[in-house]
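Asker: This structure is in structure tokens; I'll ask about it shortly.
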Amino acid sequence: MLSSHPVDPLADQATPVPGAPDPDAPVRPYPTLSVVVCCYTERRRRLLDIAIAEIRAQLGPGDELVLVVDHNETLWADLAAAHPDAVVCANEGSRGLSDARNSGTAAARGDIVVFIDDDACPAPGALAAVRARCTDADVVAVGGAVVAQWDSPAPRWFPEEFGWVIGCDYRGLPGDGSAIRNPIGAAMAVRRDALTDIGGFSTRLGRRGTMPAGCEETLMGIDLRRRDPSSKIVRDTTFGVTHAVTDDRARFVYFARRCYQEGRSKAILSELAGTGDALSSERRYTTRVLPSGVWRHRRTPSRVGALVMGFVFTCAGYVSGLARRDRGVSR
């Protein structure tokens with residue numbers, strides 16, 4: 001029996017749902033990852049093995065693990081024998097983290113180079129977060145969340161605002177999905193072609209062995225944005241790692257030394273990138289984050305003291321770095 005109701009010629013067509021993906025849009029493939037871990041000492045071998053096991057569990061088709069050994073032939077031979085399916089290479093440049101990362105980038109074949117410290121361990125789903133974030137072609141780099149894993153309880157005097165001293169997240173960082181100037185080095189991902197285009201990491205900056213310098217990631221971030229001002233560097237807290245903090249880094253003497261070296265590194269960064277870009281994030285940090293930290297910790301005098309002294313040591317390092325720069329003294 002025929003229906004007496006009129007037939008809607010569009011009834012069999014799908015009704016688009018607002019905000020739903022376009023079914024006719026081309027599928028953007030996930031990028032391949034080269035996970036680079038730079039190491040230099042056997043003393044971190046236990047932590048390195050833990051990191052390697054977790055990285056392997058998260059590698060996908062086309063991904064690779066790249067281990068870079070910084071001028072330690074014994075460690076290189078040991079890792080090459082233990083991990084024949086990984087890319088194990090030596091730092092062919094000058095000693096230090098910057099050229100070790102550059103060597104890893106040169107050996108990498110993935111679309112995205114993911115740098116994870118040898119004393120850091122990715123959380124479950126960390127690499128998947130990088131893949132997902134980098135399907136956005138405008139994202140040139142991703143900074144992860146770096147959570148401190150203290151060997152002993154954190155010292156009572158240590159302020160959260162100075163988490164960067166131990167290479168970890170700190171109070172004042174932007175939230176998940178926010179644009180950032182640069183990632184924290186313990187967990188960062190960069191498009192390989194873009195990193196190659198800017199010449200990698202500057203060897204005038206960065207840690208050498210136990211010398212707690214830094215700022216190579218900052219210059220990288222500045223150079224990436226100058227290369228393509230429309231590109232984005234994004235913070236993704238799902239791309240997370242735990243970062244080991246040994247007892248020697250929980251001492252105030254390390255805190256002071258690290259702050260001083262950060263100041264000296266900032267002076268060099270100002271020379272390389274210009275003061276405006278080099279200190280853009282630091283202005284907000286010193287005018288808003290630190291003063292609010294003093295108020296926040298007002299009932300814990302030791303933390304207030306650490307906040308003030310950390311700022312003083314960093315400024316002293318910066319002034320020292322400027323003086324050395326003006327005299328033409330290299331680091």
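Asker: Quickly work out the T74-to-V294 label distance, labels modelled 7 Å from Cα along the C-beta direction, and quote it in nm with one decimal.
Answerer: Label-label distance for V294 and T74, simple model: 4.9 nm.
Asker: Taking amide H atoms as placed 1.01 Å from N in the peptide plane, list the residues 5 or more away in sequence, or in a different chain, whose amide H sits under 5 Å from that of D118.
Answerer: Correct list: C38.
Asker: Order these peptides, 32-42, 251-261, by their mean beta-carbon neighbour count within 10 angstrom, highest first.
Answerer: Highest to lowest by the protection proxy: 32-42, 251-261.
Asker: Mind running the shape call on region 79-188? Use the C-alpha gyration tensor, a ≥ b ≥ c as the square roots of the eigenvalues: rounded below 1.5 for a/c, prolate if a/b tops b/c, oblate otherwise. All intermediate terms of the calculation are to be shown ahead of the outcome.
Answerer: On the way: a/c = 1.88, a/b = 1.28, b/c = 1.46.
Oblate shape, in that a/c is at least 1.5 and b/c is the bigger or equal ratio.
Asker: Neighbouring Cβ atoms within 10 Å as the yardstick, rank E160, E73 fewest first.
Answerer: Numbers: E160 17, E73 9.
Going from least to most buried by this count: E73, E160.
Asker: Just want the ordering: H243, H83, from fewest to most Cβ atoms lying within 10 Å of their own Cβ.
Answerer: With the fewest neighbours first, H243, H83 line up as H83, H243.
Asker: Turning to a different aspect of this structure: Under Stokes-Einstein, with the Kirkwood radius over Cα pairs standing in for Rh, what whole-number D in µm²/s applies to region 182-331 at 25 °C and 0.890 mPa s?
Answerer: 145
Asker: Using θ = phi - 60° and the Karplus curve 6.51 cos²θ - 1.76 cosθ + 1.60, what whole-Hz ³J(HN,Hα) does each residue of region 262-277 get, with Gly and Pro shown as x?
Answerer: For region 262-277, the Karplus-derived couplings read 5, x, 5, 5, 5, 5, 5, 4, 4, 5, 6, 10, x, 4, x, 6 Hz, x marking Gly and Pro.
Asker: Can you tell me the dipole magnitude for the chain around its Cα centre, using point charges on the Cβ only (Lys, Arg +1; Asp, Glu -1), in Debye to the nearest 20?
Answerer: Using only the charged Cβ atoms, the result is roughly 1940 debye.
Asker: Also: State the Cα centre-to-centre distance between region 245-299 and region 47-76 in whole Å.
Answerer: 31
Asker: Most exposed first by the Cβ proxy, i.e. fewest other Cβ within 10 Å, how do K232, K266 rank?
Answerer: K232, K266
Asker: What's the FRET efficiency of A137 with V312 using the Cβ-Cβ distance as r and R₀ = 45 Å, to the nearest 0.05?
Answerer: According to the calculation, E is roughly 0.55.
Asker: Then there's this: Express in % the proportion of alpha carbon pairs of region 123-166 at distances exceeding 18 Å.
Answerer: The calculated P(r) of region 123-166 puts 48 percent of pairs beyond 18 Å.
Asker: Restricting to Cα atoms and excluding each atom paired with itself, what does the Kirkwood estimate give for the chain in Å?
Answerer: About 21.4 Å for the chain.
Values quoted throughout were computed directly from the atomic coordinates according to the rules given, and no laboratory measurement underlies them. Keep in mind that what you see is a predicted model, and the values were worked out from it rather than measured. Ideal geometry is used to build each Cβ from the backbone, glycine not excepted, and the neighbour counts take in all protein chains shown.
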